Amino acid sequence: MTRFFTLILFFVCFNCFSQNFKVDTIHQSGSIDKRINVVILGDGFTEAELPRFKEQARLFADFFLAYTPYNTYRNYFNFFSIPTPSKESGVSNPGTAPDAYADQPVGKKDTYYGASFGESIHRLVTVTKYQALSNVLAFNFPSYDLVVLLVNTPFYGGSGGSIAVHTLHSAANTIGVHEIGHTFSYLNDEYWAGPQYGWEAANMTAESNPELVKWKNWLNETNIGVFKHGEGEAAKWFKPTEDNCLMEFLDKPFCAVCKETTTERILQVVNPIDKMTPDTTEESVLSEDAKTFKIDLVEPEPNTLQILWSLDGKPIKSSGKEISLSMADLSANAGLLTASVFDSTHLSRHPYARGERTRMAQWKLVRSSAPQIFKLRVSDASICPGEFTMLTTSGCVGNVSWSTGETGASINVSPQQTADFTATCKTTGQPDASLKTRINVFPKPEATASNTGPYFEKATIEISASGGSSYYWTGPDNFLSQIQVSLIENATVKNSGVYEVRVVDLNGCADTARTEVKVEPILGAENPVNTLVRVSPNPAKGFVKVSTAQGGESVFTMFDMNGRKVVEKRFMLQTDINVEGKSAGLYLYKFSNGEKEISGKLLIQ
Amino acid sequence: MVNATVFQQFVSGVIMRKISFLLFVMIGMQLMGCKTAESTIAIRDFKNHDPSAADHILFLDFEITRRGKKTEVVELVNAVSGRGKMKNLVAPVQSPYQIRVLPTYSSDRPETEMAFEHPLYRSVEVASQDGRLSKHDLSATQGTLSIRVQEDKALEKIELYSITPEKGKTKIYTLNLKQ
Ligand SMILES: [Zn+2]
C-alpha cells in the first residue's frame, strides 16, 4: 500500500538568461557529433580574471593534446571553454583537514561552482554547486563528452568522478589526464587502492599466464610484464608495468597498454571517415561519364590510415581518398562500392583490430537506364553534304555489324543525302538486335558571286554574293570582308583578280563562289593642244567642258559601260555638259566634226 | 505609454510561464512505511526547453538525503533541457554503492540501466604533489545526483534505484515525464 504526498514547488526563474555564456573554441577539428568534445569550465575567476581563465583553459588543452597518445589523435578532439564569472576570486578552504597546507589562507569564497578544498582530505578539491554545473552545461554545451573544471588557486588539488577537477598548480594537470583515463578509457589504477578496487580492466587482470594475459602482445617491450599488485589480497591482481604508468604515478606517461586502450577507445568513438561524397543514402547512378566517389578522413598524426576501395568485394584501388567510376566498371546492372578505412597505428596491437574497427563507406551503384540494353548513339544526327558523323553502339556483348557492310562498335558515315543506317548486335545464344538511325543531310547551299565591273582606276568596285546567311570574302590585295555586297572604293589595278566568297546558310552548310574583277588604268594626257577635242575636267564632277578648234557643227555623244547612249549634244566650238545625276563611273564618248571623229573615256565621279 | 504596457505584459507573460514550471515532488514519507517517492514533470516545464529543437538532452539534479539508517529521500531540485544529441560515453562505475537510473519508454525501445556513483557513498581518488594517488571512501548524509538523459518522445518515466551491499537494490524515486 502506497500513499503519496505531493509537494508542489513553484520555481520562478527571473534570471534564466544569465545562464547563457559565450562558448570559446580552443581547438576545433570537426563537427560536434563527429568528435570527442572536451568542455573546460573555470571556478573562482572573477569577471576581470576571465582572460586568465581562457588562457589556462588553452594551456590545459595544449597539454592534453600533446600527451601521448592524444597527440596522435588531436584531430579527433574538440576543445571549448565556457567562462563564467565568480563573485569572488579563488577557492573555499575549510582548513580543517589534517593535510591542509599551512601557508594557504582559510575562508569561504563565493564562486560560481562553489569549488572547495576538502574538509577531511584537503587535496580533494570538488565542486559543491551541482545545479550551477548542470545549468551551464545544459544551456551552453549540452552535448559535451568530457568536462574539465579548473579551479583558480595555485595550491595543489583535484578530483575525479563525472567531471575532472584540478587547480592551477603546475603539477595538477596530470590529475585531469589521469581521471579522463578512468572516465573515458575505463582504465583502472595501477597502484593498489584496496581489494574493493580490484576488477578486470584493460590494465588489470587476475590472469598471470604470459601466454594468456590480455597484454601478451606487449610483453617484449621495455618495462612491460605481468606484475603482481602486491602481497596478500593484492597478490591476486596483476598490472602491465610497475612504477611506469600515469595510472600509477602522476609524473609518468601512460604505459604501452594504457596507450593502446586509449587509442582503441578514441577509435571506437570517432569514425575516421568524416564525410562521404556523394551522399550514400541514395543509389549512385553510373553513366558513361566517370563519377567521382570521395571520403574525407580524420587523419591521425602520423597518418596511419589505410584505405582500400573495392567493387562488389573485389579490391580495385589500395590508396587515395577518391575514385572515379563509370558504367563500364560495372560488371552487372548494380554494384556495391566500398571504401574500407583501417587505422594501422602501432599504438595498438589489439589482435582483432582490423576486423573490429575497419570502418566502411558504401555506395550502392546502378547503371543508368538499367537493365543493360543495346544502344545506338550518333555524334551528329544532321550533317551538311560532305561532312561525316560517328555512329556508336553500346551494350552489345557480341559483335556489331552495320548496314554499310562495316563491323565494329562504331563507324563514320558521310552520306550525300538523308539516309538510314542499321546496326545489328549478334550475340551467340541470343536473338539478333537491330537498331536503325536516320542521318539527316541538309541541302547544299547554292552560292553565287558577281561584280559590277569592269572598272577604271578610282572607280568603286562592287562585289555581291547570294545563297546563304553569312558571307566570307577573300580576294586580291589581302581583301577580307563579311558583307554580302562589298564595296572597294578608289579602285586600283591591284584590286583586279578573282574574289572568292564562302557562303554559309542557317544550317551551317557552306558553298563557295568566285567572280573576277577587272580594273583598267586611266590613260593620262589625253588632250594635247593640237588634238581635235578637249574634254575637261576628267574625271569630271557636275559638268564637263567640251571644246574644239574645228569650225562648223560638232557632235559629242556619251555612252555608259553598257553601251547605252546617255548624252548627245550638238554645238559650235565649245559647250558645257551637265553630268550631274549621271551615275559615277566610266563612260565612253565620241566627238565628230564633219568627217573627223575621235573617241575617248570620261570618268564621272 | 503603449510601449510600457506591452513591456509589462511581456514581463508578466515571462513570469507566468516560469510559474508554470512546476516540480511535483512527491516525497515518500516514512509514514506507514511508504518509501517510494514519485513526481511528474512536463518536458515543456524543463528550464531552457526549446520546443523548436529536434533533439533535447535532459539534465536532472536530484538531492538525496539519508534519513535514519535505511531511508534515502530523493528530491528533484533542478530540471534543465539542452538542445542536441549526446554520445553514450558513460563513465564506468564499479563501486558496490551505486545509483541505477532506468529510463522507461512507451515504445519498444530497449531499456538500459545507467550506473552512477552513489552521492552518499563516494569513493574518491586523492592525488599528491609527488605523483602518488590513493583512494578513500567518503560517506555523507546529503548529496547531489546529476544525470543526463537523451530525451525520447516515448520516454515515460525515469526510475532511480539505490544499490548498497546492506540493502541490495531498492527503488527510491520515480520521475514521470509528460510530453
Ligand atoms: Zn586513478
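The values are calculated or read from the model by the stated rules, or taken from the named source; none is laboratory data. What you see is a predicted model; the values in this text were computed from it and never measured. Because the Cβ atoms are built from the backbone with ideal geometry, glycine has one as well, and the counts that use them run over all protein chains shown. All accessible areas refer to the heavy atoms of the entire protein, side chains included, with ligands and DNA or RNA removed. Shrake-Rupley method; radii C 1.70, N 1.55, O 1.52, S 1.80 Å.
Assorted remarks:
- Accessible surface computed residue by residue for segment A:355-435, with neighbouring protein chains in place and a 1.4 Å probe, gives 57 Å² per residue.
- Estimated inter-spin distance, A:Ala97 and A:Leu219, nm [label 7 Å along Cα→Cβ]: 4.1
- Label-to-label distance, nm, for residues given as A:Lys436 and A:Gln482 (7 Å Cα→Cβ offset): 4.2
- Counted charge near A:Ser348, where neighbours are those whose Cβ lies closer than 11 Å (Asp, Glu -1; Lys, Arg +1): +1
- Taken along the Cα-to-beta-carbon direction at a fixed 7 Å, the label points for A:Lys252 and A:Val493 span 11.2 nm.
- Split the accessible area of segment A:35-185 by element, probe 1.4 Å, and carbon with sulfur accounts for 54%.
- Listed peptides A:227-240, A:66-79, A:109-122, A:301-314 by packing density, highest first (mean Cβ within 10 Å): A:109-122, A:66-79, A:227-240, A:301-314
- With all protein chains in place and a 1.4 Å probe, the accessible surface of segment A:301-395 carries 54 percent carbon and sulfur.
- For A:Asn399 and A:Trp199, the difference between the fully extended length at 0.36 nm per residue and the C-alpha to C-alpha distance is 64.8 nm.
- Set of segment A:363-393 residues, backbone N closer than 16 Å to the point 7 Å along the Cα-Cβ line of A:Ala334: A:363-372
- For A:Leu305, residues with placed amide H under 5 Å, excluding near neighbours: A:Ser344
- Cα-based radius of gyration for segment B:60-164, normalised by 2.2 N^0.38 Å, reads 1.23.
- Pairing chains A and B buries close to 5100 square angstrom of accessible surface in total, based on protein heavy atoms and a 1.4 angstrom probe.
- Only lysines eight or more places from A:Lys582 in sequence, or on another chain, were considered; those with a Cα closer than 23 Å are A:Lys458, A:Lys518, A:Lys541, A:Lys545, A:Lys565, A:Lys569, A:Lys590, A:Lys601.
- The stretch between A:Glu282 and A:Lys565 holds 93.1 nm of extra length on full extension. This uses 0.36 nm per residue minus the Cα-Cα distance.
- For the cross-link pairs A:Lys252/B:Lys87; B:Lys135/B:Lys171; A:Lys252/B:Lys169; A:Lys109/A:Lys239; A:Lys317/A:Lys426; A:Lys216/A:Lys364, the ones whose C-alpha atoms lie over 32 Å apart are A:Lys252/B:Lys169; A:Lys109/A:Lys239; A:Lys317/A:Lys426; A:Lys216/A:Lys364.
- Rounded to the nearest 20, the size of the Cβ-charge dipole of segment A:425-477 about its Cα centre is 480 debye, with Lys and Arg at +1 and Asp and Glu at -1.
- Computed E for A:Val23/B:Lys157 - FRET, C-beta separation, R0 22 angstrom, nearest 0.05: 0.10
- Rg/Rh ratio calculated on Cα atoms of segment A:375-516 (Kirkwood radius): 1.29
- Local charge for A:Thr437 was computed over the other residues whose Cβ lies under 15 Å away, with Lys and Arg +1 and Asp and Glu -1, and equals +1.
- Stretch gain in nm, segment A:Ala206-A:Leu506, where the contour uses 0.36 nm per residue and the Cα spacing is subtracted: 98.8 nm
- Accessible surface area normalised per residue over segment A:49-135 is 40 Å², counting heavy atoms of protein chains with a 1.4 Å rolling probe.
- Charging the Cβ of each Asp and Glu at -1 and of each Lys and Arg at +1, and nothing else, the dipole of segment B:72-151 about its Cα centre rounds to 320 debye.
- Rg/Rg_globular for segment A:445-597, with Rg_globular taken as 2.2 N^0.38 Å and Rg from C-alpha atoms: 1.37
- Calculated P(r) tail over 43 Å for chain A, as whole % of Cα pairs: 60
- Looking at chain A, the DSSP beta bridges with both ends there are about 80 percent antiparallel.
- Protein accessible area in segment A:216-289, 1.4 Å probe - carbon and sulfur %: 43
- Phi to ³J(HN,Hα) by Karplus 6.51 cos²θ - 1.76 cosθ + 1.60 over segment A:487-498, Hz, x for Gly, Pro: 10, 10, 7, 6, 4, 10, 5, 5, 7, 6, x, 8
- Placing unit charges on the Cβ atoms only, positive for Lys and Arg and negative for Asp and Glu, gives the protein assembly as shown a dipole magnitude near 1320 debye about its Cα centre.
- FRET efficiency, 1/(1 + (r/R0)^6) with R0 45 Å, evaluated for A:Glu55 and A:Val366 via beta carbons: 0.20
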